[in-house]
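Before any comments, here is the structure.
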Amino acid sequence: MTNTSNIENQSIERYLRRDRLPHIWCAGCGIGPTAGCFLRAIGRDEIDPDKLALVSGIGCTGRVAGYIKLDSFHTTHGRAIPFATGLKLANPELNVVVFSGDGDLVAIGGNHLIHAARRNIDMTVICVNNFNYGMTGGQAAPTSPLEARTTTTRYGNFEPPFNLPYLVSASGASYVARWTALHIRELEKAIAEAMIKPGFSFIEVISPCPVVYGRMNKEPEGLDSMRYYQERSIVRNGADLRDVDIDLNGPIVVGKFVDREYPTLGDNLRQVSIRAKEKAQTKAKGKI
């Protein structure tokens, strides 16, 4: 009998740059399991790895692109989405995936995020949200919950955080989901769905940062930190996104929230091109 876990491990290892291991992620960090879900998702029959481009920015999650054996690009801070947009416009056949953190995508890259969703660009964005800037010292981020302690909010965060699913859905995304790093099967399925979904797909992955954010907010250590987030989760597919804010130590609403059909940026460009050609032909006939 074939061992299923051995088959999965072989599938994952096929896409790893093993010469760059061991990785830099801390014990209890959820980025590794999230990357594993991505690797298993691209092993599915409907995903062609030869047409897959992986883009990341700066930060702990941004290191994913360097460990995965695909056409991958490690861009400057906050610029993963515009770089990915250029790839998609230059070669529409590419399956473009952006894999980065909340600081990179939502803080310095926030404007790019909402406009990519508004345009419904055909790409998948996987945002690992650990509620702080983990790599640079644990500073507050636009996702840090109110009253959360970080290295720049020692007495508690006083700025309201973004509700990311609500933000990208309101901006125009076609697919929106949120899972924790330990919802392994659900997350793998969501990533696979997102990569074949036309339009802008966004998956938020709630992940602990046990060394900085977790320690400052007295969360469990190691693997228990991931279990802590998973156990606080409430699965609510199709939830009203106005109600999925994350409070400090409060429940985390997860699920597939949005799956709808919208014209993509490519669709709109083709329609404009067709109309322009028809207008030019009509004008040319009038001159004959």
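The figures follow:
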| read-out | value |
| --- | --- |
| Residue among E204, E231, E219 that is surrounded by 24 or more Cβ atoms within 10 Å (Cβ to Cβ) and of a type outside the set (G, A, S) | E204 |
| Members of segment 145-164 found to be in a loop (DSSP other than H, G, I, E, B), touching a helix residue (DSSP H, G or I) at 6+ places or on another chain (Cβ under 8 Å) and within 19 Å of L113 (Cα to Cα), listed by number | F162, N163 |
| Options V254, V272; residue that is closer than 23 Å to E204 by Cα and of a type in the set (A, V, I, L, M) | V254 |
| Members of segment 33-68 that are in contact (Cβ under 8 Å) with a residue 40 or more places away in the chain, not small (G, A, S) and not in a helix (DSSP H, G or I) | R44, E46, I47, D48, L52, L54, V55, I58, C60, I68 |
| Unmet requirement for L182, which otherwise passes all of (1) in contact with a strand residue (DSSP E or B) (Cβ under 7 Å, 6 or more places away or on another chain); (2) crowded, with 20+ Cβ neighbours inside 10 Å; (3) among the hydrophobic types (A, V, I, L, M, F, W, C) | (1) |
| Subset tally (residues that are under 24 Å from C209 (Cα atoms), hydrophobic (A, V, I, L, M, F, W, C), in a helix (DSSP H, G or I) and over 12 Å from the mean Cα position of the chain (by Cα)) for segment 166-195 | 2 |
| Residues that are buried (at least 24 other Cβ atoms within 10 Å of the Cβ) and either at pLDDT below 90 or within 17 Å of N132 (Cα to Cα) (or both), drawn from segment 23-41 | C29, G30, I31 |
| Hey, I234 touching a residue at least 24 places away in the same chain (Cβ under 8 Å), hydrophobic (A, V, I, L, M, F, W, C) and out of contact with any Leu (no Cβ under 6 Å at 6 or more places or on another chain) or not | no |
| Strands (runs of 3 or more DSSP E) contained entirely in segment 197-266, each with at least 1 residues that are more than 19 Å from D102 (Cα to Cα) | 233-235, 252-259 |
| Identity of the residue in segment 245-288, basic (K, R), farther than 30 Å from L146 by Cα and surrounded by 11 or more Cβ atoms within 10 Å (Cβ to Cβ), that ends up modelled with the lowest pLDDT | R270 |
| Residues of segment 122-137 classified as in a loop (DSSP other than H, G, I, E, B) and surrounded by 24 or more Cβ atoms within 10 Å (Cβ to Cβ), total | 3 |
| Filtered residues of segment 12-32 (kept if more than 20 Å from I184 (Cβ to Cβ) and part of a helix (DSSP H, G or I)) | R18, D19, R20 |
| Residue identified as hydroxyl-bearing (S, T, Y), surrounded by fewer than 20 Cβ atoms within 10 Å (Cβ to Cβ) and under 30 Å from E261 (Cα atoms) among Y166, Y155 | Y166 |
| Residues within segment 92-110 that are assigned to a loop (DSSP other than H, G, I, E, B) and among the aromatic types (F, W, Y), tallied | 0 |
| Members of segment 81-111 that are under 13 Å from S56 (Cα atoms) and of a type in the set (D, E) | D102, D104 |
| Matching option when the condition is at pLDDT 90 or above and surrounded by fewer than 24 Cβ atoms within 10 Å (Cβ to Cβ), among L16, L54 | L16 |
| Any hit, segment 76-92, residues being among the β-branched types (V, I, T), free of Cβ contacts under 8 Å to residues at least 40 places away in the same chain and crowded, with 24+ Cβ neighbours inside 10 Å | no |
| Residue satisfying condition, being part of a helix (DSSP H, G or I) and farther than 18 Å from N268 by Cβ, within set L113, L89 | L113 |
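The values are calculated or read from the model by the stated rules, or taken from the named source; none is laboratory data. All figures in this text were calculated on a predicted structure; none of them were measured in a lab. Counting neighbours? That spans all protein chains shown, and the Cβs are built from the backbone with ideal geometry, glycine included.
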